[in-house]
1. Quickly run through the stretch A:79-97 and pick out the residues that are of a type in the set (D, E, K, R), within 8 Å of chain B (Cβ to nearest Cβ) and part of a strand (DSSP E or B).
2. Out of all the residues in the stretch A:135-193, which are under 23 Å from B:GLN48 (Cα atoms) and outside any helix (DSSP H, G or I)?
3. Criterion first (within 30 Å of B:ASP229 (Cβ to Cβ) and surrounded by fewer than 22 Cβ atoms within 10 Å (Cβ to Cβ)) does B:LYS80 satisfy it?
4. Does at least one position in the stretch B:67-77 carry a residue that is buried (at least 21 other Cβ atoms within 10 Å of the Cβ) and within 23 Å of the chain's Cα centre (by Cα)?
5. When the residues of the stretch B:187-208 are narrowed to those that are of a type in the set (Val, Ile, Thr) and within 10 Å of the chain's Cα centre (by Cα), which ends up farthest from B:ARG293 (Cα to Cα)?
6. Could you tell me which residue of the stretch B:95-123 is nearest to A:ASP99 (Cα to Cα), considering only residues that are more than 14 Å from every other protein chain (Cβ to nearest Cβ) and either surrounded by 22 or more Cβ atoms within 10 Å (Cβ to Cβ) or touching a strand residue (DSSP E or B) at 6+ places or on another chain (Cβ under 6 Å) (or both)?
7. Inside the stretch B:248-303, can you point out the residues that are among the basic types (Lys, Arg) and within 14 Å of chain A (Cβ to nearest Cβ)?
8. Would you mind finding the one in B:PHE216, B:PHE199, B:PHE221 that is over 16 Å from B:GLU258 (Cα atoms), touching a helix residue (DSSP H, G or I) at 6+ places or on another chain (Cβ under 9 Å) and either part of a loop (DSSP other than H, G, I, E, B) or modelled with pLDDT of 90 or more (or both)?
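The values are calculated or read from the model by the stated rules, or taken from the named source; none is laboratory data. Being a predicted model, the structure only gives us computed values, none of them experimental. Here Cβ is always computed from backbone atoms with ideal geometry, including for glycine, and neighbour counts include all displayed protein chains.
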Amino acid sequence: MVSIDVWNASVDFPIFDAKSRSLKKLALGKVGGKIGSEGRVPIIEALHDISLSLKDGDRVGLVGHNGAGKSTLLRLLAGIYEPTRGHSRIVGKVAPVFDLGVGMDPEISGYENIMIRGLFLGMTRKQMESRVDDIAEFTELGDYLQMPLRTYSTGMRVRLALGVVTSINPEILLLDEGIGAVDAAFMAKARDRLKDLVARSGLLVFANHSDEFLAEFCDSAIWMDEGHVKMHGDLREVLTAYKGYDPFERMHQHEETPVLSGNGGE
Amino acid sequence: MQATRTFDHPEAPPAVKSRSFKRAFADVREAWDHRELWGHLGWQDIKQRYRRSVIGPLWITISMATTALALGLLYSVLFKANVPTFLPYVTVGFIVWNFIVGCVTEGTDVFIANEGLIKHLPAPISVHVMRMVWRQVLFLAHNLVVYLVVLGIFFTALDHPYTITQGGPEHPGLSWTIVFAIPGFVLLAVNAVWVALLFGVISTRFRDIPPVVHSFINLVFFMTPIVWDAGVLQSLAGGDSKWRVLIAELNPVFHFVEIVRAPLLGHAVDWHHWAVVGGFTVFGWLLALVILRNYRARVSYWV
């Protein structure tokens, strides 16, 4: 059973400047005050009173303006941030793809990076060894995999990261935006694998600005605004409310396959 | 049907609270289950450090050998000690010290240095600690080569009862008791994990701690019997000058060094060191678990 439940969760970031991050200030600052109290530390309220219940089979798109809290919400759902107020419960193996560069060491070879990233995503060494050839073939990097990662272009790094991620079997897949730095031919190829990956995973949350991507992978959506969930519901409705027009109508002019045909309004 | 789907809020809050000893234990246990990950990363760290050097990790061994040789010769002259027994003493002491200092100083940086990983991949925070301790274990393994060489050269001086410095106590010489070094080192490594967890979490919140630790650690080195013999204190401390013994005894690092060093050199196994280390293991882990319970979830906010 895969599920993510969040109850009235808030995420507040304490912002320590160099001074308030030192012990001296806390120890000498307020006599009689509680040492360690963060009352005077400025706080950024990144997420505010979020309640969500995601279940097996959910395919959720995440939309919102920059700074609306999409990435923070993804990290909350991944369990990286535990809510400062409220509760969260995550059941299942989480595979987050936030920053394609993190967990990548520029000094070591592509092969070794594949191994390390796989281990971080919860695979065993044996499982990764059996997948390395498949990843090498998919990424078309060939002999470059022997080279240190610092010799790679951005697109090549994205290929590598996508190769690893799409070869695993996640229960909960969390994708942040940023899977866009590859050329069109590779994207077409990656799309199939991503589709495959999404089909294999139990639960998907996908932050993206592209209507096409959202339409292809998701059936419901969350609209984040200033740290709140502004709207949570059917993909088409949320996108229509968010953009002010129905994106699917325009899309159908270009594509012949209506991805979400038969979606009745509520 | 999409239309019938509900996006209601979940009903009841969960039973498991974020701040609980259960979660603290789970963090350590899950990190232990991830040993394939930190085992691999620890090796990678060593390989990485010497990636483009010709002799690679051999540099670890060479630097230990030169330091031990220089310190051993210098202090054997200063203390009028016998080189064949004093040089092995300094070598082993310095190898163990290097492990301790590595774990403590890198322990303070363990979460700060892994900011990227902590913020992007959900993993128990103890994973980073175990990776760091494992890396230090691998360093120590490289340094053990120096011990074996020194042992080979000076074996004839150590296999019978001997004294390190004049007036010091007589040691029984190498025997089967050398096997005590293994449980001794395991205990040392177990303690390294809680030290790094504790210092790591506190340092992540209060960035003054790493520089403080870095500057105090040198003082600890000179206060710990590594280049000088604790036995001398005992012989000097006849009668009313018992306080001199306290200089060593009150220093926890001394006991940790001793449980590994004594068996490796054929010194008498003194059980009170084991008792002190055992006490530190229990209380240290309790303290670390309390910190882990209260602040484990804060680390990703603080880094």
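1. Here is the first cut: in the stretch A:79-97, the ones of a type in the set (D, E, K, R) are A:82, A:85, A:89, A:93.
Remaining after also requiring within 8 Å of chain B (Cβ to nearest Cβ): A:82, A:89.
Across the stretch A:79-97, the qualifying residue is only A:ARG89.
2. Of everything in the stretch A:135-193, those that are under 23 Å from B:GLN48 (Cα atoms) and outside any helix (DSSP H, G or I) turn out to be A:LEU141, A:MET147, A:PRO148, A:TYR152, A:SER153.
3. yes
4. Yes, the stretch B:67-77 contains at least one residue that is buried (at least 21 other Cβ atoms within 10 Å of the Cβ) and within 23 Å of the chain's Cα centre (by Cα).
5. B:VAL190
6. B:VAL110
7. B:ARG293, B:ARG296, B:ARG298, listed by residue number.
8. On the way: B:PHE216 fails: touching a helix residue (DSSP H, G or I) at 6+ places or on another chain (Cβ under 9 Å); B:PHE221 fails: over 16 Å from B:GLU258 (Cα atoms).
The unique qualifying residue is B:PHE199.
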